[in-house]
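Working notes, beginning with the structure itself.
Throughout, read-outs are computed from the coordinates displayed, never taken from laboratory work. These numbers come from a predicted model, not from an experiment. We place every Cβ from the backbone using ideal geometry, glycine too, and count neighbours over all the protein chains shown.
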């Protein structure tokens, strides 16, 4: 009823390109941002540490995978490997570069660039190999990176247990915390940093989608030969997609290790995580940035909600094995059902709902 | 160089390559006939062997359990065709691949949900009184005087089973009417439909056959590594095998398996020092496949792709 295009006229090109064209959208987006920045940090530490920050981390990785798989059509099973590069990169930058030169946000972005370069190296075969054959390259990346950090203890500062806790001094931000009198290691501060990075990179991804580069990616996805005939450099587009995608994954890995769990641990970057992120992407919808976030929220929250339901309604009838197995079954059913009924995933469902609401009370 | 040791390594590699080939054949069969890259192959192995193990643990005899498990796999295969593949017919290959990823996830949860997530041992020699299933390796020098090497007996048994399965499959494909229609479908869907081959029945048959292959290879793998989650990871190892061999070729799956098996063992022994760390077999197979594919993108026996706009 309030959501109507009536009276909304586009009078210049700038207005035509707006992400939120309608006043209603703008207001909702603004309220959403205020909510994210002002209300969410004041909620409980538990809510931030167990729900919000991990979703931000894996959601960012999903956006990264989306750029590679959803936008450019290059299948990847190495997401966790690239996240691993990001996490170890951030750790080593913080550890080895003098404190006055390095701060966590800078380290996050720089390790993202490392991860991007690693991605380009493993993306090189994509110039020659196509389709499913490319799986072997990304799997090689996954296993090689994992083995590499496992074998060379230098990267973990010779920590024999294989897990290093992150020192409090890494959250120093050039003394900003002392200056403001805020505990920068606390979850609200961590959350805000993750949020700023995620919103910034999502905005960049959204614009990438609508730019010339993004359209090149899509034409490579749809028909690479036709793209090359039209004068698009296919190798360049593929490598760029690998770089950007792995940059996102790297930053996501840094956020996961530094802002969520607070230690650098190889075990969380095994191949299973690559699959989880692929589920998030498929369920959320390929090629849609907001879909990636919806998918990440669903896949991350489902086991938690399911455990909660088990605890409260069935008096703790579900042990962890049951939760894990049922979650896997539900993901599988969702993936298959969505592919059959709505290949666009949650993003397309959301778009349909919006359209229905706009037409309401008329069906068409 | 120690030649006897080298031969032992080579034989060991070839035999473990056979294990990879077993899994790879299931992949190739489905890809050949429907163009689907079936990621659920690994969980099919897990499901089949878990079903079998749970039945034998509950006192059902070996052959009965084998028969029932095969029946369940056939039902599962037909159901997969009916509820997953058929509604997705004519979708692009990426969507179909993702559907099998979904199927794999579902099956992983489902098989561990109805049975359990414990690690089960499978001692086939409890049921089958074959000398070859003796866990002790045999000395070839007892049989062939000049060959002084040690071979695990079980691997020989696995190779024999694999060989038998390949012969049966070849017979099924070349000599039966169903096999003929399978080959026709893999050649050209539309043409096969035009001459009256029921496409959906053929696909159901393929998925059922793949289920049975999964059971056989699952049992052999399970005897080696135990019935548990690790079976799924064993299948990740089969990926480079089929990609080296070419996705559409059964001989390719076998040769690819042998190449990867031998290459991996040789790499572990002769290249581990170069890389200054142990455990390079984790990724070495993928690198071999990668190097190979960069030179020959369609794999060893794969069909050369001719692309037109």
Residue A:152 versus residue B:197, label points 7 Å from Cα toward the beta carbon: distance in nm? 5.2
So for the pair residue B:79, residue B:304, with labels modelled 7 Å out along Cα→Cβ, what separation do we get in nm? 4.5
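Report the full-extension gain for the segment residue A:127 to residue A:50: residue separation times 0.36 nm, less the Cα-Cα distance, to one decimal in nm.
Separation in residues times 0.36 nm, less the Cα-Cα distance, equals 23.7 nm.
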Approximate spin-label separation residue A:179-residue A:165, in nm, with each point projected 7 Å along Cα-to-Cβ: 2.9
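What list do you get for A:62, B:43, A:352 if you sort them by fewest beta carbons within 10 Å? Walk me through the numbers before you get to the answer.
Values: A:62 33, B:43 28, A:352 12.
Ranking A:62, B:43, A:352 by Cβ neighbours within 10 Å, fewest first, gives A:352, B:43, A:62.
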Proxy reagent accessibility, fewest Cβ within 10 Å first, across A:113, A:53: A:113, A:53
FRET efficiency, residue A:204 to residue B:10 (Cβ-Cβ, R0 60 Å, nearest 0.05): 0.70
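Given R₀ = 35 Å, FRET efficiency for residue A:305-residue A:106 by Cβ-Cβ distance, to 0.05? Please list the in-between numbers first.
On the way: r = 37 Å, r/R0 = 1.05.
The value I calculate is 0.45.
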List B:281, A:301, A:5 from most exposed to least, where exposure is judged by having the fewest other Cβ atoms within 10 Å. A:5, A:301, B:281
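How many partner chain Cβ atoms sit within 10 Å of a residue's Cβ in peptide B:91-103, on average, as a whole number? Could the numbers behind the result be given before it?
Details: counts 3, 3, 3, 9, 5, 1, 4, 12, 8, 2, 10, 12, 4.
Per residue, the number of nearby Cβ atoms from other chains is 6 on average.
Kindly provide the helix-only [θ] at 222 nm of the protein assembly as shown, computed as the sum of -39,500 (n - 2.57) over DSSP H runs of four or more divided by all residues, to the nearest 500 deg cm²/dmol? The partial results should precede the final answer.
Numbers: 27 runs with 436 residues, N = 673.
So the calculated ellipticity at 222 nm is -21500 deg cm²/dmol.
Compute the Cα gyration tensor for the range B:1-103, then decide on rounded, prolate or oblate, letting a ≥ b ≥ c be the square roots of its eigenvalues: rounded whenever a/c is under 1.5, prolate when a/b is larger than b/c in the other cases, and oblate in all that remain. Mind dumping the intermediate values first?
Working: a/c = 3.32, a/b = 1.31, b/c = 2.54.
In terms of gyration-tensor shape, oblate.
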Checking rank on A:184-196, B:84-96, with mean other Cβ inside 10 Å and highest first, the result is A:184-196, B:84-96
Once the piece of chain linking residue A:320 and residue A:225 is laid out straight, how much longer is it, given 0.36 nm per residue of separation minus the C-alpha distance between them? 29.4 nm
Distance between the range B:253-270 and the range B:76-101 - C-alpha centres, whole angstrom: 32
Tilt, helix B:281-295 to longest principal axis of chain B (alpha-carbon atoms), in degrees rounded to tens, equals 60
What whole number of Å gives the distance from the Cα centroid of the range B:33-53 to the Cα centroid of the range A:105-150? 28
Angle, helix B:199-225 long axis vs. longest principal axis of chain B, Cα atoms, 0 to 90°, nearest 10? 20
Once the Cα atoms of helix B:93-114 and of chain B are each reduced to a long axis, what angle between those two axes, in degrees from 0 to 90 to the nearest 10, is obtained? 60
